[in-house]
Ligand code: SF4
């Protein structure tokens, strides 16, 4: 469905998109970098309003969100388009997809209908995921407001590419976010993601962390963003902002246009150990050893939540406190099946 987009302005005979830091300046008929916003008759229009490319029910842990309603499942929706062009994209068929090929049309009230007809453990709300949700801005904005009014939760899984004003307009309806910090160097964002730099992403993390539950993901790519000094700077930055923000270091394996060998497990373990010195909750993704996906008490190291696959077992938590030392543990919402 084609609709007039939010956040743009006319600039002589061109149109300037104000939604994300790419700041596309577009002529009549031209699409933005995201591939889903185009100038038509002097207006910027969104080409993917309500058009769905992927719909599924996933464990919340798959987003990944480990400290947000643990054990629940969440209706997960995605479309096509992305504001970055990462050479290692794990979802390139969606990020580079064509909105004109999409058939499934959703409406915000239709999404409520889907939730109402779901089993109780799937009625948490919606995750906007699979592609970049900020390039679906108008639909995400309308749907998340309606869901919020009806008591459901909204989750974004995002690359963090959004300008301050649209982010602040959306955040009152958002309860949890996982934000990718793809590197801690501007050069990486320019060379491998066709972005502008990491500062835009860090601003999104800071603004979001003041408003809702935030977790971060850092995909560790050998030789490109695994330099110990760079990783340490990232860890220090998170620790200075809020050491209780959970951080997921994910292991790279070859994908799309990048054909480097998979990240060595030793690199992942080293990063895990360094990060745990400064951060309360650290996890490794895409590694076989499930110990790295367990939650430990940051005060006494007691095992709190044990994860296997996407299942969880409560081993040491009671009323969001460690049973052993009574330290408060950051958990947003109930653990499924328990009222806390
Ligand atoms: S959302 Fe970003 S990438 Fe898409 S048109 Fe606007 S500025 Fe360009």
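Computed from the coordinates by the stated procedures, all read-outs in this text should not be read as laboratory data. In this text, all values refer to a predicted model and were calculated from it rather than measured experimentally.
Some points to look at:
- Three-way shape call for segment 294-340 based on the alpha-carbon gyration tensor, with the a/c threshold at 1.5: oblate
- Rounded Å value of the spacing that divides the Cα centres of segment 277-340 and segment 20-66: 35
- Separation of segment 107-179 from segment 227-254 is 26 Å, based on Cα centroids.
- Shape of the chain from the C-alpha gyration tensor: oblate (a/c of 1.5 or more and a/b not above b/c, with a ≥ b ≥ c the square roots of its eigenvalues).
- Relative contact order of segment 3-46, pairs being alpha-carbon contacts under 8 Å that are 6 or more residues apart, as %: 35
- Dividing the mean sequence gap of close Cα pairs (under 8 Å, 6+ apart) by how many residues the chain holds gives a relative contact order of 13 percent.
- Fraction of antiparallel bridges per DSSP, the chain only, in percent to nearest 5: 55
- Across segment 120-255, the relative contact order, built from alpha-carbon pairs under 8 Å that are at least six residues apart, equals 20 percent.
- Across 204, 158, 223, mean-square fluctuation computed from a Gaussian network of the chain (C-alpha pairs under 10 Å connected) peaks at 223.
- Computed over Cα pairs, the Kirkwood radius of segment 185-247 leads via Stokes-Einstein (1.002 mPa s, 20 °C) to a diffusion coefficient of 170 µm² per second.
- Extension gain, residue 269 back to residue 241 (0.36 nm per residue minus Cα-Cα distance, nm): 7.7 nm
- Within the chain, helix-based [θ] at 222 nm, where runs of 4 or more DSSP H residues each add -39,500 (n - 2.57), nearest 500: -7000 deg cm²/dmol
- Within the listed set 239, 127, 210, the Gaussian network model of the chain (springs between alpha-carbon atoms below 10 Å) gives the highest mean-square fluctuation for 210.
- GNM flexibility winner over the chain from 97, 176, 328 (Cα, springs under 10 Å): 328
- Global form of segment 3-46, assessed from the alpha-carbon gyration tensor, a/c cut-off 1.5: rounded
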